[in-house]
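**Q** Submitted below is the structure of interest, expressed as structure tokens.
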Amino acid sequence: MLDTDISSDIIKRRSPKVEAELSALEPSMVCVSAMTRAELLYGLKRLPPEHRLHVGVKRFLKIVRVLSWDAEAAEFYAEIRHHLMTTGQQIGELDMMIAAHSLSAAAVLVTNNTSLYARIRSPLIIQNWA
């Protein structure tokens, strides 16, 4: 599961290393959370309609499988949020939701924000392709 930051790198073609990692996978092995979709679409709302990223984001979202949020993800989210709140290690709401979604999908979370997601207890598996 690609986090929003990695998705952005792919869309903007910022990292040959990320592109190489992505191309080594079968397309069926790659997905994003509905939360990442929401973040990408929100980012477009902040740009003029003629901005080049509109085409890139829409193309990306047509190619990459978007997983719907489900009840199991909600269960993981509640656990993650409770743990982080009680240990004073709060992270962003959407970050917690993406992590929970990754757990519910039994997917590796690919992100540049490894220190942020490292606050979440196992079994979250994270990788940094950058």
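**Q** Which length gain, in nm to one decimal place, applies between Lys62 and Ala24 when the Cα-Cα distance is subtracted from 0.36 nm times their residue separation?
**A** Length gained between Lys62 and Ala24: 11.7 nm.
**Q** Per Stokes-Einstein, at 25 °C and 0.890 mPa s, what whole-number D in µm² s⁻¹ belongs to the chain, with the Kirkwood radius over Cα pairs as the hydrodynamic radius?
**A** The Stokes-Einstein estimate is 162 µm²/s.
**Q** If I model a spin label at Val55 and Ala38 as a point 7 Å from the Cα along the Cα→Cβ vector, what separation in nanometres do I get?
**A** Output for this residue pair reads 3.0 nm.
**Q** If each residue's Cβ is checked for other Cβ atoms within 10 Å, how do Ser104, Ser28 rank with the fewest at the top?
**A** Numbers: Ser104 19, Ser28 7.
The order, fewest Cβ neighbours first, is Ser28, Ser104.
**Q** Here is a further query. With a 10 Å Cβ neighbour count serving as the proxy for reagent exposure, in which order, fewest first, do Thr36, Thr4 appear?
**A** With the sparsest Cβ surroundings first, the list reads Thr4, Thr36.
**Q** Can you tell which of Cys31, Leu44, Leu94 lies farthest toward the positive end of the dipole of the chain, using +1 and -1 charges on the Cβ of basic and acidic side chains (Lys, Arg; Asp, Glu)?
**A** Of Cys31, Leu44, Leu94, it is Leu44.
Here, each number is a calculation from the coordinates, and none is a lab measurement. Worth saying up front: this structure is predicted, and the values here are computed from it rather than measured. All Cβ positions, glycine included, derive from the backbone under ideal geometry; neighbour counts span all protein chains shown.
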